[in-house]
1. Given the condition in contact with a His (Cβ under 8 Å, 6 or more places away or on another chain), without any contact (Cβ under 8 Å) to a residue 60 or more places away in the chain and either open to solvent by less than 60 Å² (accessible area, probe 1.4 Å) or aromatic (F, W, Y) (or both), answer yes or no: does some residue in segment 192-214 qualify?
2. So which of A100, A106, A127 ends up being part of a helix (DSSP H, G or I), over 20 Å from L149 (Cα atoms) and under 21 Å from the mean Cα position of the chain (by Cα)?
3. For segment 249-260, give me the residue count where each residue is open to solvent by 50 Å² or more (accessible area, probe 1.4 Å), at pLDDT 95 or above and within 20 Å of Q167 (Cβ to Cβ).
4. Among M16, M1, which is the only one that is closer than 25 Å to E151 by Cβ and in a loop (DSSP other than H, G, I, E, B)?
5. Are any residues in segment 199-219 of a type in the set (V, I, T) and either more than 23 Å from the chain's Cα centre (by Cα) or part of a loop (DSSP other than H, G, I, E, B) (or both), and if so, which ones?
6. If D245 meets every condition in (1) surrounded by fewer than 17 Cβ atoms within 10 Å (Cβ to Cβ); (2) touching a residue at least 60 places away in the same chain (Cβ under 8 Å); (3) not in a helix (DSSP H, G or I) apart from one, which number is that one?
7. Against the condition open to solvent by 20 Å² or more (accessible area, probe 1.4 Å), over 18 Å from the mean Cα position of the chain (by Cα) and either in contact (Cβ under 8 Å) with a residue 40 or more places away in the chain or under 25 Å from V163 (Cβ atoms) (or both), how does D66 come out, does it pass?
8. Just for segment 149-175: of the residues that are open to solvent by 30 Å² or more (accessible area, probe 1.4 Å) and either of a type in the set (S, T, Y) or within 14 Å of the chain's Cα centre (by Cα) (or both), which one is nearest to L21 (Cα to Cα)?
Amino acid sequence: MMNIGFIGTGIMGTPMAGHLLDAGHALFVYDRVKVPQVLADKGAHACESSRAVAERSDVIIVMVPDTPHVQAVLFGDGGLYDGISAGKIIVDMSSISPIATKEFAAKIAEKGCGYLDAPVSGGEVGAREATLSIMVGGKQADFDIVRPLFETMGKNITRVGEVGDGQTAKVANQIVVGLTIEAVAEALLFASKAGADPAKVREALMGGFASSRILEVHGDRMVKRTFDPGFRIELHQKDLNNALDSARKLDMALPATALCQQLFSACAAQGGKEWDHSALIRALEVQANHEIG
């Protein structure tokens, strides 16, 4: 068993931390909001700062929304950097900029500590059911130490390569997810406006080459109008911003990704930043002057 730190107990972090507790690890937790009671009831030790977590832990997991939040956790007042010592490993499971990740890891290495970027895919359901896909960048030796922890939180665990490669894989994942959501939304909206039952069309498509997990889960959300967040639009916007920013630095175009980002922005303009990302269909419905479901 290990002493594990966990920073960020939101919609994803809470169930992930819970699995580590269920596996018997000692867990030291910090969140800028109060640590959830469900974790306290399982024996999590609440700490007063990120630094305090680092001082008491061998491996410290960070699960916060965006690049500036990770930077603050690592290097802000009372941050991890002030509490780590040689031999400890920081695991950033947030979804952030690959470029910033490499910069953060280089600074952490100055203290003789390991660094893994290990963003996840699978949303709230995957976090709750411990079925997350985990994309890891970093040294093989650090990955081997942390892998048993990953296995308590997910199923498809892949070391993609060196530091930053995990975040690059996550950006690629979010491009595929965003564009597939858009495709499913267009298809079901077209079917509905043409007079067909979108629920039946979805059922028919699930048996053919168009079948996908997004058609299965998010297509159902679109038909039933259930847009309570499993993954918020504002978070997917952040991921696509990382994609487009990185693409500019690589002198390449991502035209369909840019279109998808604009549709998310249209939803945000309707007050939908906290809608589930399947609600992208609402931006298309405005253009079609037609609502499915």
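1. To start, the set of residues in segment 192-214 that are in contact with a His (Cβ under 8 Å, 6 or more places away or on another chain) comprises 192-193.
Applying the additional criterion that residues be without any contact (Cβ under 8 Å) to a residue 60 or more places away in the chain yields none.
No; the residues of segment 192-214 include none that is in contact with a His (Cβ under 8 Å, 6 or more places away or on another chain), without any contact (Cβ under 8 Å) to a residue 60 or more places away in the chain and either open to solvent by less than 60 Å² (accessible area, probe 1.4 Å) or aromatic (F, W, Y) (or both).
2. On the way: A106 fails: under 21 Å from the mean Cα position of the chain (by Cα); A127 fails: over 20 Å from L149 (Cα atoms).
Checking each option against the conditions leaves just A100.
3. 2
4. Details: M16 fails: in a loop (DSSP other than H, G, I, E, B).
So the residue among M16, M1 that is closer than 25 Å to E151 by Cβ and in a loop (DSSP other than H, G, I, E, B) is M1.
5. Going residue by residue through segment 199-219, those that are of a type in the set (V, I, T) are 201, 214, 217.
Across segment 199-219, the qualifying residue is only V201.
6. Exception for D245: condition (3).
7. Numbers: open to solvent by 20 Å² or more (accessible area, probe 1.4 Å): yes; over 18 Å from the mean Cα position of the chain (by Cα): no; either in contact (Cβ under 8 Å) with a residue 40 or more places away in the chain or under 25 Å from V163 (Cβ atoms) (or both): yes.
Answer is no for this residue.
8. Step one: filter segment 149-175 for residues open to solvent by 30 Å² or more (accessible area, probe 1.4 Å), giving 151-152, 155-156, 158-160, 162-163, 165, 168, 172-173, 175.
Those left that are additionally either of a type in the set (S, T, Y) or within 14 Å of the chain's Cα centre (by Cα) (or both): 152, 158, 168, 172-173, 175.
On the way: T152: 10, T158: 23, T168: 29, A172: 31, N173: 29, I175: 33 Å.
So the residue we want is T152.
The values are calculated or read from the model by the stated rules, or taken from the named source; none is laboratory data. Everything numeric in this text was worked out from a predicted model, so none of it was measured. So basically every Cβ, Gly included, is an ideal-geometry build from the backbone, and we count neighbours across all protein chains shown. What goes into the accessible areas is simple: the full protein's heavy atoms, side chains included, and nothing from ligands, DNA or RNA. Shrake-Rupley method; radii C 1.70, N 1.55, O 1.52, S 1.80 Å.
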